[in-house]
Amino acid sequence: MENQYHIHVDALELSDSFESLLVTKLNFYKSNFAGHPEDSEGYEPAHHLTRKLSSGKDFHQLFAEVSLAASEPGALKGYLEGEYLPYDLDLADKPFDPGAPPPIQKLSLGFLPMGCFRECEVHIVMDADRSDPRLLEYLSRIGMFSAYMQKPYGRAIVFTAGGNKAMIDPLGRGLLSYLANAGGTIHGSIKEERIIGYWLSAQSLKLPPVVNQIDWV
């Protein structure tokens, strides 16, 4: 799989000079979120920039360079995350089957201690306005949080669950099997991201919640 190494800059605030360095010299692109559903709590950062690479060596060199630049006073309030993707799979566009047995009853969420970081995440992305609303409601109800993002086809919704690898890896694979059977997505995809590097602007930075417990059906 190409471009299986990702670096994200997730910022509450970032300086013009740091943003310019990222975009003009280091070939990051802006992939900002566009809010979140009104009936849910949002954890998306104000600024989200991304760079994808195919080489682990190139990833480590770039991550070190970005971390050093982010450490300059006033450059960034937020965090960097470096990821390896074991899979990033498209989902077939097909009608939703409400009879497909769902794997998860509930995800219990909590916050990590200050200065700690998640090990792994699963993201499910789909067309927010044309995918089946029953599927969107299920993913939200079990405890995945979500945010909107503009895509070439229109408004996408990104569902996320993060935590330690021992929980998130089987969660992602369970959801992958369910989505393949149940359908309901338009422009759907699912991917797992394993954290292989991170940087925090402050140990007290509040991060999105993580999964503490999975109640399987």
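Every read-out reported here was derived from the displayed coordinates using simple, explicitly stated rules and does not represent laboratory data. None of these values were measured; they are calculated from a predicted model. Cβ placement follows ideal geometry from the backbone for every residue including glycine, while neighbour counts extend to all protein chains displayed.
Taking every pair of Cα atoms in the range 5-216, average 1/r, invert it to obtain the Kirkwood radius, and report Rg/Rh to two decimals. Using only Cα positions, Rg/Rh for the range 5-216 is 0.96. Per-residue Karplus couplings for the range 149-161, computed as 6.51 cos²θ - 1.76 cosθ + 1.60 with θ equal to phi - 60°, are listed in order as 8, 7, 10, x, 7, x, 8, 9, 10, 10, 9, 9, 9 Hz, Gly and Pro entered as x. Using C-alpha pairs under 8 Å with a sequence gap of at least 6, the mean separation divided by the residue count of the chain gives a relative contact order of 31 percent. Per DSSP helix of 4 or more residues, -39500 (n - 2.57); summed, then divided by the residues of the chain. What does that give at 222 nm, rounded to the nearest 500? That calculation yields -7000 deg cm²/dmol at 222 nm. Cross-linked pairs K57/K94; K25/K191; K30/K206; K77/K165: Cα-Cα separations exceed 31 Å for K57/K94. Note that the range 79-85 has calculated 3J(HN,Hα) couplings of 8, 10, 9, x, 9, 10, 9 Hz, one per residue in order, obtained from phi through the Karplus relation 6.51 cos²θ - 1.76 cosθ + 1.60 (θ = phi - 60°); glycine and proline are x. The ranking of K52, K191, K206 by Cβ neighbour count inside 10 Å, starting from the fewest, reads K206, K52, K191. When both the range 3-20 and the range 168-184 are represented by their alpha-carbon centers, they are found 30 Å apart.
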